[in-house]
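To start, the structure itself, in structure tokens.
Readers should treat all values here as calculations from the given coordinates under stated rules, not as data from a laboratory. Source: prediction; values computed, not measured. All Cβ positions, even for glycine, are placed from backbone atoms using ideal geometry, and neighbour counts span all protein chains on display.
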Amino acid sequence: MKAEQVVVCGAGIVGMATALSLKKAGFTVSILAPAWQGFEPAEGFYHPRVYALSAASQAYLEKLGVWRLMNAKRLTAVQSMQVYGDSGACLHLHAWQAAQEHLAWIVESGEIERALHQALSVFGVDWHDDTLVALENNVLHTAKGQQLSAQLVVGADGARSRLRELAGITHQAKPYGDAGMVAHLQAERPHQHTALQWFTGDSILALLPMPDVQGQAQVSMVWSVSQQVADHYLAMEPAQRQAKLAREIYAISGGQLGQLTLRSQLFAFPLTLESSGMVAPGVALVGDAAHRVHPLAGQGLNLGLGDVEALVTVLTQKEAMRSVGDLRVLHRYRRLRAEPIAAMRLATDGLYRLFAVPGLPVSWARNTAMRVCDRIPFIKRSLIGHAAGQGNGTGL
Ligand SMILES: Cc1cc2nc3c(=O)[nH]c(=O)nc-3n(C[C@H](O)[C@H](O)[C@H](O)COP(=O)(O)OP(=O)(O)OC[C@H]3O[C@@H](n4cnc5c(N)ncnc54)[C@H](O)[C@@H]3O)c2cc1C
């Protein structure tokens, strides 16, 4: 009998991980996506996009054989977190409080992609350097005029998924009206492997630990601000932007890391809350094509890797008589992901809204709740478990 074909459409981290995982599980799989742009990890240069990978995601990449392909010097372990409310409350979480070695790892997007790309080459996964433009009866039509047929098409083509649209899968998007500004900063004081976060009421600032550069501490900034503020920053002259950013970040962080200097370009990404129906006959969505959450908990990619693990498990365990594209099989995948996705959506959106409400009584309540959580060990252990990925469904 001819092997069933799976085509993974899109090759960001989630798409590449899906193709590798399916190949390793024995499926016939190819990728349809523009060729990977490459990443040269030069000394002192860091990819502008970094992710906080949960312990569950790290374990999954380890299982795929990808973790060991990454340069250990470019990975930073997060051993503790400090989260500040808008009137002085602080929640401290340490890995040791839940008998764990690390809470998360900060890893560059380019470094994960490089390792995945290398593994895909070793495993001989076919890569069609092209883009999807149409879909007819599970035949994919590409921009360069190719036609690829597949029993299952996995949509890993990101937030603006063309496949989702072509397959008629339901999709809801709610823009936050905010943008996530990201950049790497040089810090005067050491970060001590601590991830710092401040909820200020009108913005959320995170400073994530990165490798030192020439003896100087480095952190990666994710600052969620209104789109208006982001546009204002992007339109400024570089010197003016540097000075304003350093001043504002110093003020929000209370000088905890000393003076901070911009050491990379500044990028801004619009933030939206999105969900989808996830499956259709012969089609399954993973990663940002399936859902998007606010980056305040740094969990979008972790959720996507959880999708990959669940989908491959469901396909591996399906009855031999059923096709990989059988909707009954794909519904099992959707059901398996429903709870972790809904929980992450609720937690991130809930926190965002809780801190967006102005006024003293609400501010008092949320800061008091943080102080109480900080004093109760079992709540802290549960929060640490979520930070490590036990709540995002990455550990099946
Ligand atoms: C500011 C910010 C900070 C974040 N921080 C974190 C964090 O710390 N931790 C975390 O877990 N998550 C984080 N996230 C979320 C994370 O960035 C995303 O969830 C993740 O990058 C999604 O990966 P993906 O592979 O699904 O999609 P993408 O990375 O968008 O990849 C999509 C791929 O599909 C391809 N493609 C598109 N259209 C077509 C087509 N028609 N045909 C073929 N191919 C196509 C593209 O070329 C691309 O290769 C953050 C997000 C933001 C905005």
Residue within the range 304-312 that is of a type outside the set (Phe, Trp, Tyr), assigned to a strand (DSSP E or B), touching a residue at least 60 places away in the same chain (Cβ under 8 Å) and within 16 Å of the ligand (Cβ to nearest atom) present: no
Subset of the range 115-152 that is touching a strand residue (DSSP E or B) at 6+ places or on another chain (Cβ under 6 Å), of a type outside the set (A, V, I, L, M) and without any contact (Cβ under 8 Å) to a residue 40 or more places away in the chain - its residue that is surrounded by the most Cβ atoms within 10 Å (Cβ to Cβ): His141
Failed condition for Val83, given (1) part of a strand (DSSP E or B); (2) surrounded by fewer than 20 Cβ atoms within 10 Å (Cβ to Cβ): (2)
Single unsatisfied condition, Tyr46 versus (1) in contact (Cβ under 8 Å) with a residue 12 or more places away in the chain; (2) away from the ligand (no atom under 12 Å from the Cβ); (3) surrounded by fewer than 17 Cβ atoms within 10 Å (Cβ to Cβ); (4) within 18 Å of the chain's Cα centre (by Cα): (3)
Within the range 276-301, considering residues that are touching a His at 6+ places or on another chain (Cβ under 9 Å) and part of a strand (DSSP E or B), the one farthest from the ligand (Cβ to nearest atom): Val279
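Return the total of residues in the range 135-160 being over 27 Å from the mean Cα position of the chain (by Cα) and either in a loop (DSSP other than H, G, I, E, B) or over 19 Å from Thr18 (Cα atoms) (or both).
Count: 14.
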Residue within the range 28-37 that is more than 21 Å from Trp223 (Cα to Cα), in contact with a His (Cβ under 6 Å, 6 or more places away or on another chain) and within 13 Å of the ligand (Cβ to nearest atom) present: yes
Of all residues making up the range 48-63, the number that are out of contact with any helix residue (DSSP H, G or I) (no Cβ under 6 Å at 6 or more places or on another chain), part of a helix (DSSP H, G or I) and not hydrophobic (A, V, I, L, M, F, W, C): 3
Residue tally, condition part of a strand (DSSP E or B) and touching a His at 6+ places or on another chain (Cβ under 7 Å), over the range 161-184: 1
Pairs with Cβ under 9 Å, 6+ apart, first in the range 172-188 and farther than 18 Å from Ala251 by Cβ, second among the basic types (Lys, Arg): Ala173/Arg292; Val182/Arg49; His184/Arg263
